[in-house]
Amino acid sequence: MARELTTIEDARMMVLARTSVLEPEPVPLREALGRILAAEVAAADDVPGFDNSAMDGYAVLAADTRDAAAEQRRLSIVDESRAGHPAAVGLDAGEAIAISTGAMLPAGADAVVRVEDTAREADEVVIRAEVTAGDAIRRAGEDVRAGDVVLRAGAELGAAELGALAAVGHGEARCARRPRLTFVLTGDELVEPGQPLGPGQIRNSNAYSVPPLAQEAGGEVTAVTMVGDERAATRAALEGALGDDVVIVSGGVSVGEHDHVRPALESLAVEQVFWGVSLRPGKPTYFGVAPSGALVFGLPGNPVSAMVTFLLFVRPALLAMQGSDPSTARIIARLEADYEKVRGRAEAIRVCLRAGDGGWVATPTGPQGSHVLTSMLAADGLAFAPTEIDVVRAGESIEVELLRPGSPVASIP
Ligand code: AMP
Ligand code: MG
């Protein structure tokens, strides 16, 4: 391929330039884990909504407890305030109202004496500790004030975010629709796992490694279809796929005689945006846009290339379509040993990360051939070796894009 190769950065920018946020939809909170909030959420009311007790005990007037440690104070119990059942009456001097944690503070009370500092005697309570006004009281709005922005647009809804939405009274979250993807896997040689292999046949591993990457990025996989290395069948499979938001083709995108994907896409009027990235593994990567607006990614069939190019180019698009920040967390690490590469192409080295004395240390996961799928096992990140060098020396700094959020944190010894 004596063609101009696109840099990784340019390829990503071209993808993002053709990507737009999908329309929002209401999502019930229980189904919203991992979804991306489409618009900021502000609290309509204070949380908590009323002054309440931080302890089980007695709501009192602090003045009635003066010197209670030295000289016991006796108050008459006039009512009870339980969680969800406020007291029916207010409180006057000389009175106490039994109160539970989270129960509404009765009118007139200005402090709570914890139950451990009291003794109940019939309808009286003996107070054994002096309190000051405000003690053991949680004020309305201490967590969130009415009008506060609780979550920003683009926030990923994890457990705490879902709890916060519930706390401010939202039963649904407004989120961009999840992008729908169809996968088309090409290759006469492919056999499903569980089936016997004939001569020259291999397992269709991309059908099992790449769609989960889409799901991890919030995508909805609508179909995973297989097609042999034949022009008409390839065209028919692609034509059927173009109704989805994103079409991922695996294999058949290189320059071989049996690579039918590009001609088939061309015949379907798919506009080629780039074909060929200065990247190892992943040079033949293709990106185009169909007249329907569908984004079409042609990923090289080699198992590592397919996964790496998906992570580098498709994942950011899926995130952007959901209104999420498409950038990936990067750290600087030092390479553990010399790493030799091919000059003229950037390389994405699969590495494990560990905390060293002076920062992160990256170690390649093993042989780095694009067919060595096991190099993806236990990989924490992709270390980027620049185009114009042929060796990264041990101890040299290298940028590493994390494959899993928080992955290096998990590898701290
Ligand atoms: P291609 O991009 O079609 O030239 O394929 C490049 C290499 O990847 C070849 O060795 C193929 O056998 C292999 N390959 C293609 N598709 C798959 C797949 N779905 N699963 C595993 N390996 C594949
Ligand atoms: Mg092929």
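List of remarks:
- Candidate set from the stretch 265-302 (those that are among the charged types (D, E, K, R) and part of a strand (DSSP E or B)); member that is nearest to ligand 2 (Cβ to nearest atom): R280
- The stretch 163-191, residues that are within 16 Å of ligand 2 (Cβ to nearest atom) and either part of a strand (DSSP E or B) or within 32 Å of the chain's Cα centre (by Cα) (or both): F183, V184, L185, T186, L190, V191
- Taken as a whole, the structure places S254 among residues that are of a type in the set (G, A, S), touching a residue at least 12 places away in the same chain (Cβ under 8 Å) and out of contact with any helix residue (DSSP H, G or I) (no Cβ under 7 Å at 6 or more places or on another chain).
- Within the stretch 242-264, being of a type in the set (G, A, S) and either in contact with a Leu (Cβ under 9 Å, 6 or more places away or on another chain) or within 13 Å of ligand 2 (Cβ to nearest atom) (or both) holds for S250, G251, G252, S254, G256, A264.
- Flag for L377 being of a type in the set (A, V, I, L, M), under 26 Å from N206 (Cβ atoms) and free of Cβ contacts under 8 Å to residues at least 60 places away in the same chain: yes
- V227 under 23 Å from the mean Cα position of the chain (by Cα), of a type in the set (A, V, I, L, M) and crowded, with 19+ Cβ neighbours inside 10 Å: no
- Contacts under 6 angstrom Cβ, first residue in the stretch 172-188 being within 20 Å of G34 (Cβ to Cβ) and touching a residue at least 40 places away in the same chain (Cβ under 8 Å), partner surrounded by fewer than 19 Cβ atoms within 10 Å (Cβ to Cβ) and among the hydroxyl-bearing types (S, T, Y), 6 or more apart: R180/T222
- Spans of strands (runs of 3 or more DSSP E) in the stretch 315-367 with at least 2 residues touching a strand residue (DSSP E or B) at 6+ places or on another chain (Cβ under 6 Å) and of a type in the set (K, R): 330-335
Since every read-out is calculated from the coordinates, none of them should be taken as a lab result. Worth saying up front: this structure is predicted, and the values here are computed from it rather than measured. With ideal geometry, Cβ positions are generated from the backbone for all residues, glycine too; neighbour counts draw on all protein chains shown.
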